[in-house]
1. So which residues in region 80-118 are on the phi < 0 side of the Ramachandran plot and among the small types (Gly, Ala, Ser), if there are any at all?
2. All but one of (1) at pLDDT below 95; (2) aliphatic (A, V, I, L, M); (3) open to solvent by less than 50 Å² (accessible area, probe 1.4 Å) hold for residue 63; state the number of the condition that does not hold.
3. Just to verify a result, which residue in region 34-54, among those that are in a strand (DSSP E or B) and among the acidic types (Asp, Glu), is least open to solvent (accessible area, probe 1.4 Å)?
4. Consider residue 77 carefully, then state whether it is at pLDDT below 80 and either assigned to a helix (DSSP H, G or I) or of a type in the set (Val, Ile, Thr) (or both).
5. Would you confirm whether or not region 93-108 contains a residue that is open to solvent by 40 Å² or more (accessible area, probe 1.4 Å), assigned to a helix (DSSP H, G or I) and among the hydroxyl-bearing types (Ser, Thr, Tyr)?
6. Which condition from (1) open to solvent by 90 Å² or more (accessible area, probe 1.4 Å); (2) assigned to a strand (DSSP E or B); (3) touching a helix residue (DSSP H, G or I) at 6+ places or on another chain (Cβ under 7 Å); (4) modelled with pLDDT under 80 is the one that residue 4 breaks?
7. Scan region 109-126 for residues that are closer than 14 Å to residue 53 by Cβ and surrounded by fewer than 18 Cβ atoms within 10 Å (Cβ to Cβ) and jot them down.
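The values are calculated or read from the model by the stated rules, or taken from the named source; none is laboratory data. Since the model is a prediction, treat every value here as computed from it, not as a measurement. Every residue, glycine among them, receives a Cβ derived from its backbone with ideal geometry; neighbour counts consider all protein chains shown. Just the protein is used for accessible areas: all its heavy atoms, side chains included, with ligands, DNA and RNA removed. Shrake-Rupley method; radii C 1.70, N 1.55, O 1.52, S 1.80 Å.
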Amino acid sequence: MGVLRMHCALPRSKLCTMGIDDYGGGQGPEPEVLVVTTNDVPGYHVREVIGEVFGLTVRSRHVGSQIGAGLKSLVGGELRGLTKTLVQTRNQAMERLVEQARTRGANGVLAFRFDVTEAADVGTEVCAYGTAVVLTRE
């Protein structure tokens with residue numbers, strides 16, 4: 001796992017470390033189900049459109065982390081705990097989308113998007129959605 005060094009809002013600009021998995025996501029090389037934000041994939045033909053697929057998750061944070069985030073917001077800077085939670089939530093929603101697409105026989109998802117909303121003031125709802133398709137190489 002890679003490590004990114006970044007400046008934090010700590011006294012004297014001490015360095016903090018966040019691993020690459022703490023602040024990012026996405027697919028690795030040669031995924032079983034290719035997920036793209038575009039409406040087509042260069043070098044591929046859409047043989048079949050299966051239809052909309054989505055992955056949904058709702059997450060809440062425990063009271064201690066909410067208090068910590070509230071205190072941090074008073075002085076400014078990144079809320080790293082919230083960033084990490086949101087990344088995990090988005091990745092889980094995407095994994096569920098990929099599983100639904102695979103189960104329905106797709107090997108691709110086009111027009112992939114995330115939708116993020118507050119869920120009844122108790123958590124964050126993240127929905128990953130797109131169009132499941134069967135792709136073949138041209």
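1. 81, 93, 101, 106, 108
2. Answer for residue 63: the failing condition is (3).
3. It comes out as 48.
4. So residue 77 does not fit the description; no.
5. Going residue by residue through region 93-108, those that are open to solvent by 40 Å² or more (accessible area, probe 1.4 Å) are 95-96, 99-100, 102-105, 107.
Okay, now just the ones that are also assigned to a helix (DSSP H, G or I), so 95-96, 99-100, 102-103.
Within this subset, residues satisfying the condition of being among the hydroxyl-bearing types (Ser, Thr, Tyr) are 103.
Yes.
6. With (1) open to solvent by 90 Å² or more (accessible area, probe 1.4 Å); (2) assigned to a strand (DSSP E or B); (3) touching a helix residue (DSSP H, G or I) at 6+ places or on another chain (Cβ under 7 Å); (4) modelled with pLDDT under 80 applied to residue 4, the lone miss is (1).
7. Restricting attention to region 109-126, the residues satisfying the condition of being closer than 14 Å to residue 53 by Cβ are 109-115.
111, 113, 114, 115, listed by residue number.
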